[in-house]
Amino acid sequence: VESIAMATEALVTEVKRIVGLAKSGAVDDAYKAYATLYRSAPFRAYPLEDQRQAIKLVANVKIPPHNPSPAHVDAFRAAIEPLSEILGAKGEPEDFQWLGICCMVTGDEKRAAELFRTGLKLEREKNPQSDLCGSLMKWVAAV
C-alpha cells in the first residue's frame, strides 16, 4: 500500500508540473509532457483510476479542438493505449467517451463514432437522464 501511495504521489507531482507549464503559457510543452507521461512504463503501473484522472486532464474537452498543434494531437494519441486498457478492465460509459474523443482528435472518426454510440447505449441503460448521456449524444452528433 505504501508503494502505491508513493507512486500516486509521484504522478500527482508530475501532473502538477504539467498543469503549471500550461498555466505559464507553455501549452505545447505541457502536451508533450502529457504524451511522455502517458507512454511511460511507470504511468501504466499506476492504479487505473489514477491513470483515468490524469488522462481526463487532456481528454475532457467539450468540443474537438480547432486546428490542434502536433503536440496536442500527440497527447491525445498517447492516451489511446492506456485508455483502451482502462476500457477493457472497467468498461465504464465515461471511458468510451474519453477514448472516443481521443480517436476523434487523432483523426479516427469511425472508431470515435462507435465508441460514443457504445458509451451512450451503456449510459442510457444505467441513467438515461445523466449529464454523461447528454454529453455522449452531443459527441455522437458531432461525428
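FRET efficiency for the K62 to S40 pair, using the beta carbon distance and R₀ = 22 Å, is estimated at 0.20. Taking the alpha-carbon centroid of each part, what is the distance from the range 80-111 to the range 44-67 in angstrom? Measuring centre to centre over Cα atoms gives 10 Å. Loop-located trypsin sites (Lys or Arg not before Pro) in the range 29-127 (DSSP state other than H, G, I, E, B) with a sparse environment of at most 16 neighbouring Cβ atoms within 10 Å: K62. Fully extending the segment from D131 to S84, taken as 0.36 nm per residue of separation minus the present Cα-Cα distance, adds 14.7 nm. When the solvent-accessible area of the chain is split by element, carbon and sulfur atoms take up 55 percent of it, the probe being 1.4 Å.
Rounded if a/c is under 1.5, else prolate if a/b is larger than b/c, else oblate: which is the range 24-143, with a ≥ b ≥ c the root eigenvalues of its Cα gyration tensor? List each step's numbers first, then the result.
Working: a/c = 2.02, a/b = 1.36, b/c = 1.49.
It comes out oblate by the Cα gyration axes.
The values are calculated or read from the model by the stated rules, or taken from the named source; none is laboratory data. Owing to the predicted nature of the structure, the values given are computational and were not obtained by experimental measurement. Because the Cβ atoms are built from the backbone with ideal geometry, glycine has one as well, and the counts that use them run over all protein chains shown. The accessibility values were calculated without ligands, DNA or RNA, using every heavy atom of the protein model including side chains. Shrake-Rupley method; radii C 1.70, N 1.55, O 1.52, S 1.80 Å.
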